[in-house]
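Report on the following structure.
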Amino acid sequence: MIDAHGATVLKSSYVLLIALTISVLTGGVIFALLQTPAPQNIMYDLVQANIQQSGVTNPVTAVLLNFRAYDTFLEFAVFFCVSIASLPYLDPSVSDASHLETKDGPLFSLVKVLVPLTILLAGYTLWVGSFKPGGAFQAGALLAGCGLLLTLSNAGVTKMTGFWWRSIFSMSLIFFILVIGFSYLNTHTFLMYPTTLSGSLILFIEFAATFSVAATLYLCYLSVRGRVVQGSHRAG
Amino acid sequence: MPINLLFDGLLVVLILVLASGALFSTNIFNGIVLFISLGLAVSIAWVRLYAIDVAIAEVTIGAGLTGALLLGAWKRLEIKKSLHSSISNKETKND
Amino acid sequence: MQAELYSVCAVILFALGLIAFLVKHGVFHKVLALNVMGIGVFMLLLATSAFYPNAIDPLTHGMVLTGIVVAVAGSALALNLATQVDLPSQSDEITRHDKPD
């Protein structure tokens, strides 16, 4: 049915029915949740017992990139598929200009200061992920935010369908496969890193993953935005 | 102990109020801005639960990037709506 | 005590997201509701794996990290499809003079 503004809404009796049903189910779930016994904490001790062999000290990084590296490999593959799925939605008429076109005072100074600092911060977050909270995803997200700031201040963006951009999208998978091949040659087991080199191999994979994640997140933003041209109503 | 619990309780109330505001607001722009604030409040909750990597990731990806995505898509649909309404106005004028 | 508080908040968040998903029309409300449901699930996962200070469950944290990134990718694809559809959706129509109930 249509309300006063002409928008479509559900009938209020249906809304009440849905809200009541979900409230009853929520009450049941909360009651069951408060009855369950507290879970045993075995995972922390297991991880701490083996963390010397993993090459890093941060338990989350060790779990993501050493003990459960196969899951992270599959997640990089999912991200690669997302970048393939978002590429056709880019605006095809974008030019290759990449200089800062803004004339606003505050925005120009902000971009001049923030972008180099953010790149530095992303590099630090990537490196510190080995022994403090940080890591590849956080650093990649910081770089993507950098790209977002540049787009919002009218710095032109290049077409992302060239060869080098595509190699950045697939960089994480390629480097991971290289590491798998290298560790197979050393230990003759699938995905078992040689113990003395595991810290460096993890940093190698994270380095590639940062650029891949940053490029894919930036591509997701660009594909949704289309092109908003000043002064004309082009919807992309 | 009680001061920690008080802080957690207030944070939970803040999160629930922001979530209801973001989900049940009539204006979409209000909903998106409240969703970005919800991402920030939830990131503080992750720090309270000793998940610092998750907090950093949530504040950059969850609040920042999802918010920018939603705002970009909203702007694009606004432009499309104004185009369609101007076209239909011209059609009704030509009748 | 802290874990139970956050678990209850997580379930309420999920329920709010589910109600908004079923009741509201329009693609933005659906995407927002799906994201809020995801936040609820992450909160439940993290609340049951924070035991005492400096003794966390790192496996759950890795799962939540992966989940956040996949959720944003899913929202991006959903908004891609939404902005490419040429006709405005029913709930975005301001004036429709010939629409039956």
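For the reader, a short list of remarks on this structure follows.
- A:Ser183 being under 30 Å from C:Ala82 (Cα atoms), away from chain C (no Cβ under 14 Å) and modelled with pLDDT under 95: no
- Selection count, region A:42-83, where residues are charged (D, E, K, R), buried (at least 16 other Cβ atoms within 10 Å of the Cβ) and modelled with pLDDT under 90: 0
- Some residue of region A:18-26 being farther than 30 Å from C:Lys30 by Cβ and among the small types (Gly, Ala, Ser): no
- The set of residues from region A:152-169 being surrounded by 17 or more Cβ atoms within 10 Å (Cβ to Cβ) and under 22 Å from C:Val69 (Cα atoms) comprises A:Met160, A:Ile168, A:Phe169.
- In region B:1-17, the residue that is farthest from C:Leu5 (Cα to Cα) out of those that are at the interface with chain C (Cβ under 10 Å from one of its Cβ atoms) and among the aliphatic types (A, V, I, L, M) is B:Met1.
- Some residue of region A:42-51 being touching a Gly at 6+ places or on another chain (Cβ under 7 Å) and either of a type in the set (Lys, Arg) or part of a helix (DSSP H, G or I) (or both): no
- Just so you know, in region C:7-17 the residues that are more than 13 Å from the chain's Cα centre (by Cα) and not hydroxyl-bearing (Ser, Thr, Tyr) include one that is farthest from B:Gly39 (Cα to Cα), and it is C:Val8.
- Residues of region C:19-36 classified as assigned to a helix (DSSP H, G or I), within 10 Å of chain B (Cβ to nearest Cβ) and not β-branched (Val, Ile, Thr), total: 7
- Residues of region A:203-232 satisfying the condition of being at pLDDT below 90 and surrounded by fewer than 18 Cβ atoms within 10 Å (Cβ to Cβ): A:Arg227, A:Val228, A:Val229, A:Gln230, A:Gly231, A:Ser232
- Candidate set: region C:18-58, residues that are in contact with a Lys or Arg (Cβ under 8 Å, 6 or more places away or on another chain) and surrounded by 20 or more Cβ atoms within 10 Å (Cβ to Cβ); chosen: the one farthest from B:Ser37 (Cα to Cα): C:Lys24
- Candidate set: region A:1-27, residues that are at pLDDT 95 or above and either closer than 16 Å to C:Leu5 by Cα or in a loop (DSSP other than H, G, I, E, B) (or both); chosen: the one nearest to the other protein chains (Cβ to nearest Cβ): A:Thr26
- Residue check for A:Val113: surrounded by 13 or more Cβ atoms within 10 Å (Cβ to Cβ) and free of Cβ contacts under 8 Å to residues at least 40 places away in the same chain: no
- Once region A:84-99 is narrowed to residues that are facing chain C (nearest Cβ under 9 Å) and at pLDDT 90 or above, the residue that is surrounded by the fewest Cβ atoms within 10 Å (Cβ to Cβ) is A:Ala85.
- Helices (runs of 4 or more DSSP H) wholly inside chain B containing at least 3 residues that are under 12 Å from the mean Cα position of the chain (by Cα): B:2-23, B:28-48, B:66-94
Rundown of residues vs (1) more than 9 Å from chain A (Cβ to nearest Cβ); (2) not hydrophobic (A, V, I, L, M, F, W, C), yes/no style:
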residue	(1), (2)
B:Leu49	yes, no
B:Ile52	no, no
B:Ile56	no, no
B:Leu69	no, no
B:Ala73	no, no
B:Arg76	no, yes
B:Ser82	no, yes
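- Number of residues in region A:179-202 that are surrounded by fewer than 18 Cβ atoms within 10 Å (Cβ to Cβ) and over 12 Å from A:Phe73 (Cα atoms) equals 16.
- Evaluation of A:Leu46 against the conditions (1) over 30 Å from C:Asn80 (Cα atoms); (2) in contact with a helix residue (DSSP H, G or I) (Cβ under 6 Å, 6 or more places away or on another chain); (3) among the hydrophobic types (A, V, I, L, M, F, W, C) shows that the sole unmet condition is (2).
The values are calculated or read from the model by the stated rules, or taken from the named source; none is laboratory data. None of the values given here were measured: they were computed from a predicted structure. In this analysis, Cβ positions are derived from the backbone assuming ideal geometry, glycine residues included, and neighbour counts consider all displayed protein chains.
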